[in-house]
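The values are calculated or read from the model by the stated rules, or taken from the named source; none is laboratory data. Small disclaimer: the values here were computed from a predicted structure and weren't measured. We place every Cβ from the backbone using ideal geometry, glycine too, and count neighbours over all the protein chains shown.
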Amino acid sequence: MFGAIAGDVIGSTYEWHNVKNIEFELFSRESRFTDDTVMTIAVAEAILNKRKFKNPFKDNAHSKEAYAYALKAYGKRHPNAGYGNMFNEWLSAKSIKPYNSFGNGSAMRVSPVGFAFNSIEEVLKEAKRSAMVTHNHKQGIRGAQSIAGAVYFARIGKDKSFIKNFIQHNFKYNLEFTLDEIREGYAFDSSCQGSVPQAIVAFLESEDYEDAIRKAISIGGDSDTIACMTGGIAQAYYRKIPKIIVDQVMLRLDSGFKEVIRQFNSKYDIQY
């Protein structure tokens with residue numbers, strides 16, 4: 001999941017100041033983590049410590065509830081991370097009732113699912129659970145399952161052709177375009193259907209982790225979230241993130257985030 005977090009941090013300065021090429025500075029003094037990182041960490045800790053996040057009126061924690069309470073806990077702990085209006089309303093509500101969103105928030109936070117579970121059936125089931133606590137619209141679920149599935153297959157060594165065919169066949173996303181074809185006209189779109197395919201194609205066209213992030217940001221739009229989605233898949237596939245990126249991102253994370261990352265990497269034997 002660290003690859004997703006790094007994509008978010010690198011993309012954070014370009015969300016409202018888009019670049020349309022791959023030649024840009026990866027980090028600046030303004031680079032920071034956003035809601036993408038906060039929610040990714042929340043999903044990771046829900047997977048690690050399901051019983052920590054449960055309905056106080058129930059003895060047994062269901063995984064779907066664990067995701068909901070983890071998202072609420074982390075969202076309230078980091079209230080200024082850049083959440084959308086609907087998510088902010090959900091955070092402040094006493095209920096955990098979802099709000100039928102098809103935004104890409106479900107997909108940007110899901111990469112830990114692709115790293116943690118050991119069959120595509122489990123991955124898709126957990127991706128759906130992690131999404132539907134807020135994004136219970138079919139497009140929100142589809143986006144989360146697509147990214148989680150791509151991470152999973154990248155992690156177990158499937159090639160890009162397999163991953164592309166799996167996404168197109170199972171989720172009906174059109175991946176038959178190039179970034180060069182869309183770059184000039186692509187604009188901000190925070191829906192799953194308007195950003196998940198672009199994030200996947202950025203991975204498919206990449207040569208290594210850094211190249212994947214650069215390509216994701218180069219199309220503009222919702223840069224931090226697209227880079228976050230691309231980054232999770234790229235980490236799983238390339239298994240190597242440049243040390244300078246790791247070091248710079250870690251400087252920008254708080255100790256609690258670092259501890260969840262450490263525990264997650266240790267439990268699931270993730271190295272980069």
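The table below gives the values:
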item	result
Any hit, the range 163-184, residues being more than 29 Å from residue 19 (Cα to Cα), of a type in the set (D, E, K, R) and within 19 Å of the chain's Cα centre (by Cα)	no
Residue 233 being within 13 Å of the chain's Cα centre (by Cα) and closer than 18 Å to residue 140 by Cβ	no
Those helices (runs of 4 or more DSSP H) lying entirely in the range 171-267 with at least 1 residues loosely packed, with under 14 Cβ neighbours inside 10 Å	179-182, 243-251, 255-267
Tally, over the range 145-166, of residues that are closer than 19 Å to residue 3 by Cβ, free of Cβ contacts under 8 Å to residues at least 40 places away in the same chain and either touching a Pro at 6+ places or on another chain (Cβ under 6 Å) or of a type outside the set (D, E, K, R) (or both)	6
Single condition residue 189 does not satisfy, out of (1) at pLDDT below 95; (2) in contact with a strand residue (DSSP E or B) (Cβ under 7 Å, 6 or more places away or on another chain); (3) not aliphatic (A, V, I, L, M)	(2)
Residue 97 vs. criteria of a type in the set (Lys, Arg) and at pLDDT 95 or above	no
Selection count, the range 119-135, where residues are over 15 Å from the mean Cα position of the chain (by Cα) and of a type in the set (Asp, Glu)	2
Test result for residue 232, in contact (Cβ under 8 Å) with a residue 60 or more places away in the chain, closer than 21 Å to residue 166 by Cα and not hydrophobic (A, V, I, L, M, F, W, C)	yes
Residue 5 being in a helix (DSSP H, G or I), in contact (Cβ under 8 Å) with a residue 40 or more places away in the chain and of a type outside the set (Phe, Trp, Tyr)	yes
Count of the range 136-150 residues which are under 14 Å from the mean Cα position of the chain (by Cα) and either in a loop (DSSP other than H, G, I, E, B) or farther than 30 Å from residue 89 by Cα (or both)	1
